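Q: Could you have a look at this structure, given as structure tokens, before my questions?
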Amino acid sequence: MISPEIIKIASDTSNSGIDENANSVATSKNKNCGDIITIAIEIKNNKIERMSYETNSCIFCQASASLLSKLIKRSNIENLRNDIEDINMSYKNKKILLKRKYKPFRKLFQHKYKERFSCILLPFNALLKVVNINI
């Protein structure tokens, strides 16, 4: 069963819809389940000013995109890129390690949702794609 807290996070669509001021846009698809997400970012002075997204996905991917869009504002692109690579590496090592900044994701990265981790990571991977376009 999905917790009401995750449903609440996913229902916050304040950054949903691609922003026309975006500098870069990328789309990623989850090969496991078919979720698709498009992420757009607006960059100024090597920092993320805004992230917007459109998704055709499950509630876990939606919640992850919603949280991520809020947490990365004013993030340095290089630091963000390193953070995402660290999270992906920890996933491959079977233990998700999150820096303090990403603490809200602990609600999603719970053992009972481990089968959905690829859905939760999809916005991170799409964001990494967008960030790599700008490096």
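The values are calculated or read from the model by the stated rules, or taken from the named source; none is laboratory data. What you see is a predicted model, and the numbers here were worked out from it, not measured in a lab. In this analysis, Cβ positions are derived from the backbone assuming ideal geometry, glycine residues included, and neighbour counts consider all displayed protein chains. The accessibility values were calculated without ligands, DNA or RNA, using every heavy atom of the protein model including side chains. Shrake-Rupley method; radii C 1.70, N 1.55, O 1.52, S 1.80 Å.
Q: Ignoring ligands, DNA and RNA, what percent of the accessible area of the chain is carbon or sulfur (1.4 Å)? Intermediate results must be reported in sequence, preceding the final value.
A: Details: 3530 of 7460 Å².
Carbon and sulfur: 47 percent of the exposed surface of the chain.
Q: Next question. What's the FRET efficiency of residue 115 with residue 56 using the Cβ-Cβ distance as r and R₀ = 22 Å, to the nearest 0.05? Let's see the in-between values first.
A: Values: r = 20 Å, r/R0 = 0.89.
Efficiency, rounded to the nearest 0.05: 0.65.
Q: Let me ask another. Ordered by packing density, taken as the mean number of other Cβ atoms within 10 Å over each peptide's residues, highest first, how do 61-72, 122-133 rank? Walk me through the intermediate numbers first.
A: Working: 61-72: 23.5, 122-133: 21.7.
Going from most to least packed, we get 61-72, 122-133.
Q: In whole Å, what is the distance between the alpha-carbon centres of the range 37-97 and the range 107-135?
A: 7
Q: On a 0 to 90 degree scale, rounded to 10, what angle separates helix 117-133 from the longest Cα axis of the chain?
A: Computed tilt is about 10 degrees.
Q: Please list, in order, the residues from the range 77-115 whose amide nitrogen is less than 16 Å from a point placed 7 Å along the Cα→Cβ vector of residue 132.
A: Those under the cut-off are 78-90, 92.
Q: Also: Among the aspartates and glutamates, select those whose C-alpha is under 14 Å from the C-alpha of residue 101, and discard any that sit fewer than 8 residues away in the same chain.
A: Result set, ordered by chain and number: 83, 86.
Q: Return the calculated 222 nm mean residue ellipticity for the chain, to the nearest 500 deg cm²/dmol, obtained by summing -39500 (n - 2.57) across DSSP H runs with n ≥ 4 and dividing by the residue count. Please list the in-between numbers first.
A: Working: 4 runs with 54 residues, N = 135.
When only DSSP H runs of four or more count, the value is -13000 deg cm²/dmol.
Q: Next question, about the same structure. Counting Lys and Arg as +1 and Asp and Glu as -1, what is the net charge of the other residues whose Cβ lies under 13 Å from the Cβ of residue 23?
A: Details: positive: 44, 47, 50; negative: 19, 20, 42, 49.
With Lys, Arg at +1 and Asp, Glu at -1, the net is -1.
Q: Here is a further query. Give me the 1.4 Å probe accessible area per residue for the chain, excluding ligands and nucleic acids, in Å². Write down the numbers at each step before the final one.
A: Working: 7460 Å² over 135 residues.
Spelled out: the 1.4 Å probe surface of the chain, per residue, equals 55 Å².
Q: Another one. So how far apart, in nm, are the two label points at residue 88 and residue 73 if each is 7 Å from Cα heading toward Cβ?
A: Here the modelled spin labels are 2.7 nm apart.
Q: State, to one decimal in nm, how far the label point of residue 18 lies from the label point of residue 99, with both points 7 Å from Cα in the Cβ direction.
A: 2.9
Q: Now a separate question. So which lysines pass the test for residue 95, namely a Cα distance under 27 Å, with those fewer than 8 places away in the same chain ruled out?
A: Straight-distance partners of residue 95: 8, 29, 31, 70, 73, 103, 107, 112, 114, 129.
Q: Evaluate the Debye formula for the chain with equal point scatterers sitting on the alpha carbons, no solvent, and hand back log10 of I(q)/I(0) at q = 0.14, 0.18 Å⁻¹, in q order, two decimals.
A: -0.56, -0.96
Q: I would also like to ask the following. In whole Hz, with x marking every Gly and Pro, tabulate ³J(HN,Hα) for the range 45-51 from phi via Karplus 6.51 cos²θ - 1.76 cosθ + 1.60, θ = phi - 60°.
A: Once θ is set to phi - 60°, the couplings for the range 45-51 become 6, 6, 10, 6, 8, 7, 10 Hz.
Q: Return one number: the angle in degrees, 0 to 90 and rounded to the nearest 10, between the long axis of the Cα atoms of helix 59-71 and the longest principal axis of the Cα atoms of the chain.
A: Rounded to the nearest ten degrees, it is 40.
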